[in-house]
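Working notes, beginning with the structure itself.
The values are calculated or read from the model by the stated rules, or taken from the named source; none is laboratory data. From a predicted model like this one, the values you see are computed outputs, not experimental measurements. Because the Cβ atoms are built from the backbone with ideal geometry, glycine has one as well, and the counts that use them run over all protein chains shown.
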Amino acid sequence: MNRFPIQFSHVLAPLLLLITACIAFVLNDFISEFFVYHRGFINDGQYWRVITGHIFHTNFAHLILNTLAIVLLWALHGRFYSIKTYSLLLIFSCLMISAAIYIFSPEMNQYVGLSGVLHAFFVWGALKDIQHLDKTGYLLLIGVLIKVAHEQFFGASDDIASLINASVAIEAHLWGVVSGIVFFTLTVQLKKDDTHVKDKTIKDRR
């Protein structure tokens, strides 16, 4: 497999995510109030916010940090990307992170940013490395697990909070890791089930 992810299917989905996040930032003052994650409005039935809220950012530094992370993850694991897989993981992680925050962090009334989703992509990519017998996957997985565990016990960096002009949503990072693991596990199991069904169908035809 070509390790440099320059094929159209490798590039398109992360590029579209970047463009969407940039457009959302430019139009932030005009449209953010209709799309950011806000518990009160979600309670009123504005359920689209559980997905769209992740696209917005608190300031330019926040956007740049997440932009660099998207590019870095593409460089690390873009060879595993496809438009379908990237889109499904994006939607799945948005939904799972928002649902977990809604249920387990009732004190969090608002949330914006892609950092939780990017943790999901990081973990999923590390697991794909491991699946393809790339030992660096173990290092990446252990590293992100240590990072998230440190955040849960000691909190996030004050420097990062100051840079993005907001509290760092460490809960989103935790649930991003969980959603990445769950998505990987589900897709592997579904692929096994599909292979089993195909094998059984072939045997039945003989």
Single match in 112, 168 (criterion: surrounded by 18 or more Cβ atoms within 10 Å (Cβ to Cβ), modelled with pLDDT under 95 and closer than 26 Å to residue 60 by Cβ): 168
Tally of residues being in contact (Cβ under 8 Å) with a residue 12 or more places away in the chain, surrounded by fewer than 21 Cβ atoms within 10 Å (Cβ to Cβ), over 20 Å from residue 9 (Cβ atoms) and among the aliphatic types (A, V, I, L, M) across the range 78-105: 3
Pair list, Cβ < 6 Å and 6+ apart or interchain, from the range 41-61 residues that are farther than 12 Å from residue 99 by Cα to residues that are exposed (fewer than 15 other Cβ atoms within 10 Å of the Cβ) and modelled with pLDDT under 95: 58/165; 59/165
Options 195, 201, 185; residue that is among the β-branched types (Val, Ile, Thr) and at pLDDT 95 or above: 185
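Checking the condition β-branched (Val, Ile, Thr) and farther than 15 Å from residue 176 by Cα, which residue from 130, 97 passes?
Of 130, 97, the one residue that is β-branched (Val, Ile, Thr) and farther than 15 Å from residue 176 by Cα is 130.
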Cβ-Cβ under 6 Å pairs, at least 6 apart or on other chains, the range 17-34 side aromatic (Phe, Trp, Tyr), far side surrounded by 14 or more Cβ atoms within 10 Å (Cβ to Cβ) and modelled with pLDDT of 95 or more: 25/57; 25/63
Selection status of residue 135, more than 22 Å from residue 63 (Cβ to Cβ), surrounded by fewer than 12 Cβ atoms within 10 Å (Cβ to Cβ) and among the basic types (Lys, Arg): yes
Residue tally, condition hydrophobic (A, V, I, L, M, F, W, C) and under 14 Å from residue 184 (Cα atoms), over the range 92-116: 2
